[in-house]
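One structure follows; several queries about it will come next.
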Amino acid sequence: MLRFKVLASAIPLAIVAFFARGELFAASRPCIAVADRSVQLTSLFWQAERHVAFTDDPALATVRVLITENAESADFAVIDDIDNAEAGGCQTNPSAQLVSISASPAASEPVIYLAAEGPADYRIFVHSNTFSARDAAALIVGARGEPARVRAASL
């Protein structure tokens, strides 16, 4: 009987640990390396240190991200269709900074507008089978934050 009680109390703890570590049947999430750390998207908002949101209205945005047509004009480029890409580069770093995309942003969270033209805080180029332009924008803004001039203007 005591063995059954121990087993019955251990199963919920194992389930909680499984969900706290990551998503159920999660595929690999978009991830980038920035300096000596990695930044990874997560859909588990309670695990994320940074949260970003997106808007279709440029007037509501705190960060403008321009999607460029070529990698040379971009501040950040994602090209993952090469044969010698480092597999699992971000998964080897257990201290990855997690970023989630929020549906309803808080006042302190960056709100991103994906622009096709015009002025921008960041310029990105994405040619990927696993990343979308939205994923890349969330990662770069999550890694670098809002530009200083935007933060100063919102004070």
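The values are calculated or read from the model by the stated rules, or taken from the named source; none is laboratory data. Every value quoted in this text rests on a predicted model; they were computed, and no experiment measured them. Ideal geometry is used to build each Cβ from the backbone, glycine not excepted, and the neighbour counts take in all protein chains shown.
Restricting to region 45-73, what's the tally of residues that are under 16 Å from A136 (Cβ atoms), assigned to a loop (DSSP other than H, G, I, E, B) and of a type in the set (D, E, K, R)?
Of the residues in that region, 1 qualify.
From the set of residues in region 34-62 that are farther than 13 Å from A103 by Cα and among the aliphatic types (A, V, I, L, M), which is modelled with the lowest pLDDT? Can you show your working first?
Of region 34-62, the ones farther than 13 Å from A103 by Cα are 34-42, 46-50, 57-62.
Add one more test, that the residue is among the aliphatic types (A, V, I, L, M), and what stays is 34-35, 39, 41, 48, 59-61.
Numbers: V34: 74, A35: 71, V39: 84, L41: 87, A48: 83, A59: 92, L60: 91, A61: 92.
Ranking the qualifying residues of region 34-62, first place goes to A35.
Six or more apart or on different chains, Cβ under 6 Å: which pairs go from a residue in region 34-47 that's among the aromatic types (F, W, Y) to one that's modelled with pLDDT of 85 or more? Could you list them?
F45/S100
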